[in-house]
Every structure is written in structure tokens, then in C-alpha cells.
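First the structure, in the form of C-alpha cells, and then the observations on it.
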Amino acid sequence: GEDVEQSLFLSVREGDSSVINCTYTDSSSTYLYWYKQEPGAGLQLLTYIFSNMDMKQDQRLTVLLNKKDKHLSLRIADTQTGDSAIYFCADSSGGYQKVTFGTGTKLQVIP
Amino acid sequence: EPEVTQTPSHQVTQMGQEVILRCVPISNHLYFYWYRQILGQKVEFLVSFYNNEISEKSEIFDDQFSVERPDGSNFTLKIRSTKLEDSAMYFCASSEARSSGNTIYFGEGSWLTVV
């Protein structure tokens, strides 16, 4: 079945850039998402990219999509302590837009 | 910004009891979903709902679970005869009609603890 994989943990210093990587297996994915989850909170949609795009930039966030390698990344520029959270990669395909989530990457920002 | 709202935010229930989790999707959305996240695990798809019927469900969504849209605004998940392993965060989500493309918006979640 469909699988979405991420590394489990990333630690960066405040002010540096963070890059969170994700691989997926479903070649028919239509949308790919990044969600942020702070401790005890819900899933906040950060950004998404349509599968026919290579890149999307939204303020400090840059999403890169390599459809050939089925690789998605999220770059956070000038990482702040408030960016500390779990980041989920997810993709959707099919008519009813079922979303498959990755395992989540815990980002720790060191002051 | 419109949002998906869920109630209760946290519920503790005894094993064997029935639980109803409630959601108010974004008003112009037509697709509704339930997901769950067991502590420390992946967010898992449970069910999608469109045009007043289930459009897709996962193997997790067995006869213990049911969904309903009792009126024009609420979308509920009922869990009958709860088990300890049903303890999880349950997320409701909604999205617009497929033809307009979509993003899927999640609620804050309902944390269910079965004791």
C-alpha cells in the first residue's frame, strides 16, 4: 500500500535553516502537504504543493518536489524556537482525497 | 479564517461505553473525514464521507465505528463498546469539492482516553 516516510528527528540552531525530508511511494499523488503539530495540539496545515509543481515558496517556507524520485522537502529559513514541533509530510490521491501521513519529524530548535 | 471545530477536546470514558465525537466542518466544504493518532504513532485515515454516505474507509473502521451527518452542520463519529486500544487523538477534517482542487483542513482533535 501507499507509504510515506520521514526521518524521525532533526535538531538545528536558532537562525539556521532546517530541511525536513520525505519520500512517498504513490506515483498518482495529486497534492503533497506539510502539517505542523505542536505538543498536545492539532494538525496545522503549513503549506501544500500540487504534483505538477517543482517548488513553492511561502515566506520562510520552501517546498521542493522531485516527482521522479518521489521526494519532498520542507525548508524553513531562519528557524525560530517557535518552529519546534512535529512536522508531518502527507500526500493525497484518488477521488476522495484520502490523506496518507508520514511518521512525522520532530524538529528541535536549540537557542 | 474558517476552521474545523471539534468537541469535546478531551473525553475520558470507561471501557465498554459508547462515545460520540462531534465536528463542525468548514461551512462550504463537502468532503468530511475522520483520522486518528494513537500516542506516538502515525496519523491514520479512518473514513471519508461525501454526499451523505461513506466514500472510503480503512480496515480500522470496523463495525464498532459509525459516522453521521445528523444536520446541516455537524459530522459525528460514534465508537461503540470502546476498548482500551481506542485511546487516541481523533481528528476531523474537511475539504472543498474535488472539482475546485482542495486542501484538507483538520480540527484541533478530540483526545479520547479509555480506562
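The values are calculated or read from the model by the stated rules, or taken from the named source; none is laboratory data. Predicted model only: the values in this text are computed from it and were never measured. Note that each Cβ is placed from the backbone with ideal geometry, even for glycine, and that neighbours are counted across all protein chains shown. The accessibility values were calculated without ligands, DNA or RNA, using every heavy atom of the protein model including side chains. Shrake-Rupley method; radii C 1.70, N 1.55, O 1.52, S 1.80 Å.
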Note: B:108-114 gets an average of partner chain Cβ contacts (10 Å, Cβ to Cβ) equal to 2
If you wrap the protein assembly as shown's Cα atoms in a convex hull and average its projection over all directions, what's the area in nm²? 12.4 nm²
For residue B:38 paired with residue B:73, estimate the spin-label separation in nm (one decimal), with each label point 7 Å from Cα along the Cα-to-Cβ line. 3.6 nm
Under the definition of partner shielding as Cβ atoms of other protein chains within 10 Å of a residue Cβ, what is the mean value for peptide B:36-46? 3
Mean per-residue count of partner chain Cβ within 10 Å for A:30-41 equals 2
Averaged per residue, the 1.4 Å probe accessible area of the protein assembly as shown, protein heavy atoms only, in Å², is roughly 49 Å²
Using alpha-carbon positions, what is the distance between the centroids of region B:26-54 and region A:1-69, in Å? 20 Å
Computed from every Cα-Cα pair in chain B, P(r) in 10 Å bins starting at 0 and rounded to whole percents is 15, 50, 30, 6, 0
Candidate aspartates and glutamates - alpha carbon under 13 Å from residue A:68, same-chain residues fewer than 8 apart omitted: A:26, A:54
7 Å from Cα along Cα→Cβ at both residue B:1 and residue A:45: what's the point-to-point distance in nm? 0.9 nm
Would you mind calculating the gained length between residue A:27 and residue A:5 on full extension (0.36 nm times residue separation, minus the Cα-Cα distance), in nm to one decimal? 6.5 nm
Among the GluC sites (Glu not before Pro) in region B:11-115, which ones are in a DSSP loop with at most 14 other Cβ atoms within 10 Å of the Cβ? Mind listing them? B:18, B:59
Only Cα pairs within less than 10 Å get springs; with that Gaussian network setup on chain B, which residue of B:41, B:64, B:14 has the largest fluctuation? B:41
Roughly speaking, to the nearest percent, how much of chain A's 1.4 Å accessible area is carbon and sulfur? 49 percent
Between A and B, buried accessible area summed over both sides at probe 1.4 Å, in Å² to the nearest 100? 1900 Å²
Viscosity 1.306 mPa s, temperature 10 °C: Stokes-Einstein D of region B:1-67 from its Kirkwood Cα radius, in µm² per second? 116 µm²/s
Simple spin-label estimate for residue A:68/residue A:52, 7 Å along Cα→Cβ, in nm, reads 2.0 nm
When you take every Cα atom in region A:1-94, what is the radius of gyration, and what is Dmax, the widest Cα pair distance, in Å? 13.0, 39
